Protein chains: 2
Amino acid sequence: MGAEETVRDLAAQMDIEISGDDPWDIQVHDDRFYRRVLADGSLGLGESYMEEWWDCEDLAEFFCRLFLNGIEQKVTAGLLLPSLAARVLNLQSLRRSPQVARAHYDTTVEHYRSMSDPYITLSCGYWKDADDLDEAQEAKLDLVCRKIGISEADRVLDIGCGFGSFARFAAERYGCSVTGINLSAEQVRVARELADGLPVEIVRCDYRETDCYLGDRPFDKVVSIGMFEHVGHKNYRTYMESVHRVLADGGFFLLHTIGSNVSQAFNDPWYDRYIFPNGMLPSARQVSGAIEGLFVMEDWHNFGPDYARTHQAWYERFDRNWSGSKSDPFYRMWKYFLLSSVGGFKARHKQVWQIVLSKGGVRPRYEPVT
Amino acid sequence: MGAEETVRDLAAQMDIEISGDDPWDIQVHDDRFYRRVLADGSLGLGESYMEEWWDCEDLAEFFCRLFLNGIEQKVTAGLLLPSLAARVLNLQSLRRSPQVARAHYDTTVEHYRSMSDPYITLSCGYWKDADDLDEAQEAKLDLVCRKIGISEADRVLDIGCGFGSFARFAAERYGCSVTGINLSAEQVRVARELADGLPVEIVRCDYRETDCYLGDRPFDKVVSIGMFEHVGHKNYRTYMESVHRVLADGGFFLLHTIGSNVSQAFNDPWYDRYIFPNGMLPSARQVSGAIEGLFVMEDWHNFGPDYARTHQAWYERFDRNWSGSKSDPFYRMWKYFLLSSVGGFKARHKQVWQIVLSKGGVRPRYEPVT
């Protein structure tokens, strides 16, 4: 079977037609697309999209169908397909190292401002009672504070604080003091600037360097929102041990992370190259293995579908504020990332977890908050 | 150090005094107690209580202190202690095979009636808005129905249905049909009798024998309340695969089980001999490993402290309705079991989990119910 026929056949199994009329069908502009997808899999699919070799009116629904119809099992079953195809088809490597690589982290705060809420929150919003992105992000930040009962007296640690979104919100609304830690010089700079005048301290260090941020007594509460995805499965236990070390007895740790339905030790190669270098989504088994004997799991809330709405809202703001050409690979990279994420969360292929953990267990009882 | 001194020293580390005045202190009536506890550990502690070698005014608080002060780590650290002590002290075996062994399962429904609610529900109640045991058990049964949206049209499976408590409640209040499965002839007999006239079928078979209860189409919903504790860690995956096989696509599985903070492959020896032969409490890691790739975890609710109140209420009813001698080893066995459980759940040493799982993920979203 030729490359085109193979790809058409696979697409048909996903309820997707090549050159079809439905919004989730795809239009191929460059016939090299077929061989590239077979040779490079997920990486080839994403890169060829960035290069405008194909298009799709409803990219989110396209991805939703891939996941609902088990694209991953099919690709896993034919794990050797890419390298095999490369040999059979005698392809030269089609991989490039585009200018946009690593763009996610080289990008300045202005890019994130263009797509996010006023707090520049780069994690899943909470849409239960929200009508727009700003409300959903405030609701999420507030949910975190309410779940672990943050009060004025608390000294709170935020591991991987981004642009200081949670730190500012919690300090402003609840009057607590917050220490945020972060490795990115750019994020630390911006977070410090934005938190000026608030009881917020931003420290540039690794979560393992507890001496750099602990101070003279343990934290009352610890939160970590959208950072565990960057820890890597080999470090999950070390991460939990670090939190355990800096948290007071009886204190809460709220872990907010994307979750995977199955345990993995690798990242999707396109996401790894363009969006999250060395990122990795934890499974429930991996998280619960890492906390065993350290914390009591008080509550495990899953609101994964809200990340579909969040990515959709980010896409809409990003698209509206984009003044350049829509053929620009940077624009197409972000569109591809945001809308494939919409599809992945809509299909329930990925989850969003808020896990409330306590050091030693809450007595008399912990009441779930939603 | 002599046996008495060793035990006094260990007790002191738990904030417990032998012959002390506080209600959680213990009074030793037979000096053989010290050597027996050292030789037989948990088994010796329980058996010597049944034989009235010692007493305690507030047994629940005594156990709470043991768990809060890390008795398990201390005993694990000195794992060889029992056999070592037996050799050093040149003890003959003090173990007996009391008449009461296996009494838990030989006991008729009348015993359970004497301590439980009108539905004879033998699992944790839900005390959030309840004032007494009957309310707490109805609230729990209703919580299960509400969490998975049971309606009249549903065909529901209850794995390990006990005396038919959930089956009757759900059929009466929600009008659904329920198939309960159970291995105990006595429970099957009573459950059938009590469910007479309701759309409830009770089948005596093992959960693995899916052909015996599946019928001509998959179940819309599956529940399992207080039965997973009897499955054993080697069967967790098989158990989940069986549920997956008999559940409709998009259907819910609600697992209600006691949970352990750490993974284990054994049972406490006293509980094993007298209350739960071959019982085993799963950890979060074991449960999430067993469901991986089969279900999406929609919600994980922990209301462990409610089992302290449930066991306390069971103890009070049992004690009130007991007409025999309170020196009877059967009475003391149940008192010991019920009050040590109060202590274990109060200390947050054990948890109660209701885990809502879906086959394929709920779209657009699952809303937690409390």
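Numbers for the structure displayed
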quantity: Hits in the stretch B:234-266 (condition: open to solvent by less than 40 Å² (accessible area, probe 1.4 Å), away from every other protein chain (no Cβ under 13 Å) and either part of a helix (DSSP H, G or I) or of a type in the set (S, T, N, Q) (or both)); calculated: B:239, B:242, B:243, B:246, B:257
quantity: Residue match in the stretch A:131-139 (condition: modelled with pLDDT under 95 and assigned to a loop (DSSP other than H, G, I, E, B)); calculated: no
quantity: Of all residues making up the stretch A:240-256, the number that are more than 20 Å from residue A:299 (Cβ to Cβ) and either within 18 Å of the chain's Cα centre (by Cα) or acidic (Asp, Glu) (or both); calculated: 1
quantity: Sole residue being open to solvent by 10 Å² or more (accessible area, probe 1.4 Å), in a helix (DSSP H, G or I), of a type in the set (D, E, K, R) and without any contact (Cβ under 8 Å) to a residue 40 or more places away in the chain, chosen from B:30, B:9, B:40; calculated: B:9
quantity: Test: residue B:320 is touching a helix residue (DSSP H, G or I) at 6+ places or on another chain (Cβ under 6 Å), basic (Lys, Arg) and not in a loop (DSSP other than H, G, I, E, B); calculated: no
quantity: Residue check for residue B:158: at pLDDT 95 or above, open to solvent by 10 Å² or more (accessible area, probe 1.4 Å) and acidic (Asp, Glu); calculated: no
quantity: Condition met for residue B:331 (out of contact with any helix residue (DSSP H, G or I) (no Cβ under 6 Å at 6 or more places or on another chain) and of a type in the set (Phe, Trp, Tyr)); calculated: yes
quantity: Within the stretch B:278-302, considering residues that are within 16 Å of residue B:258 (Cβ to Cβ) and more than 7 Å from every other protein chain (Cβ to nearest Cβ), the one surrounded by the fewest Cβ atoms within 10 Å (Cβ to Cβ); calculated: B:278
quantity: The stretch B:357-370 residues that are part of a loop (DSSP other than H, G, I, E, B), paired with ones that are open to solvent by 30 Å² or more (accessible area, probe 1.4 Å) (beta carbon under 6 Å, 6 or more apart); calculated: B:359/B:249; B:360/B:249; B:360/B:250; B:368/A:370; B:369/B:146
quantity: Test for residue B:325: is it in contact with a strand residue (DSSP E or B) (Cβ under 9 Å, 6 or more places away or on another chain) and away from chain A (no Cβ under 11 Å); calculated: no
quantity: Filtered residues of the stretch B:338-370 (kept if polar (S, T, N, Q) and either more than 11 Å from the chain's Cα centre (by Cα) or at the interface with chain A (Cβ under 9 Å from one of its Cβ atoms) (or both)); calculated: B:340, B:351, B:354, B:358, B:370
quantity: Every pair of residues 6+ apart whose Cβ atoms lie under 6 Å, when the first sits in the stretch B:308-322 and is hydrophobic (A, V, I, L, M, F, W, C) while the second is in a helix (DSSP H, G or I) and open to solvent by 40 Å² or more (accessible area, probe 1.4 Å); calculated: B:308/B:346
quantity: Positions within the stretch B:155-169 being over 23 Å from residue B:209 (Cβ atoms) and either part of a strand (DSSP E or B) or among the charged types (D, E, K, R) (or both), in sequence order; calculated: B:168
quantity: Only listed residue being among the acidic types (Asp, Glu), in a helix (DSSP H, G or I) and open to solvent by 10 Å² or more (accessible area, probe 1.4 Å), chosen from A:172, A:152; calculated: A:172
quantity: Subset of the stretch A:185-199 that is under 24 Å from the mean Cα position of the chain (by Cα), open to solvent by 40 Å² or more (accessible area, probe 1.4 Å) and of a type outside the set (D, E, K, R) - its residue that is modelled with the lowest pLDDT; calculated: A:185
quantity: Subset of the stretch B:303-322 (residues that are within 12 Å of the chain's Cα centre (by Cα) and within 14 Å of chain A (Cβ to nearest Cβ)); calculated: B:304, B:307, B:308, B:310
quantity: Per-region count, the stretch A:105-134, residues under 21 Å from residue A:255 (Cα atoms) and surrounded by fewer than 16 Cβ atoms within 10 Å (Cβ to Cβ); calculated: 1
quantity: Residues located in the stretch A:102-116, provided they are outside any helix (DSSP H, G or I) and modelled with pLDDT under 95; calculated: A:102, A:107, A:108
quantity: Members of the stretch A:206-235 that are touching a Cys at 6+ places or on another chain (Cβ under 8 Å) and over 23 Å from residue A:287 (Cα atoms); calculated: A:212, A:213
quantity: Residues being open to solvent by 20 Å² or more (accessible area, probe 1.4 Å) and at negative phi - total across the stretch B:43-65; calculated: 7
quantity: Residues located in the stretch B:200-226, provided they are open to solvent by 20 Å² or more (accessible area, probe 1.4 Å) and of a type in the set (Gly, Ala, Ser); calculated: B:215, B:226
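Quick grid of which residues meet (1) among the charged types (D, E, K, R); (2) modelled with pLDDT of 95 or more; (3) under 18 Å from residue A:163 (Cα atoms); (4) in the same structural domain as residue A:150 (by TED's automatic domain parsing):
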position: A:201; (1), (2), (3), (4): yes, yes, yes, yes
position: A:208; (1), (2), (3), (4): yes, yes, no, yes
position: A:217; (1), (2), (3), (4): yes, yes, no, yes
position: A:223; (1), (2), (3), (4): no, yes, yes, yes
position: A:241; (1), (2), (3), (4): yes, yes, no, yes
position: A:273; (1), (2), (3), (4): yes, no, no, yes
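The values are calculated or read from the model by the stated rules, or taken from the named source; none is laboratory data. Given the structure is predicted, the values throughout are model-derived calculations rather than measurements. Here Cβ is always computed from backbone atoms with ideal geometry, including for glycine, and neighbour counts include all displayed protein chains. Areas reflect the complete protein model, heavy atoms only, side chains present, ligands, DNA and RNA absent. Shrake-Rupley method; radii C 1.70, N 1.55, O 1.52, S 1.80 Å.
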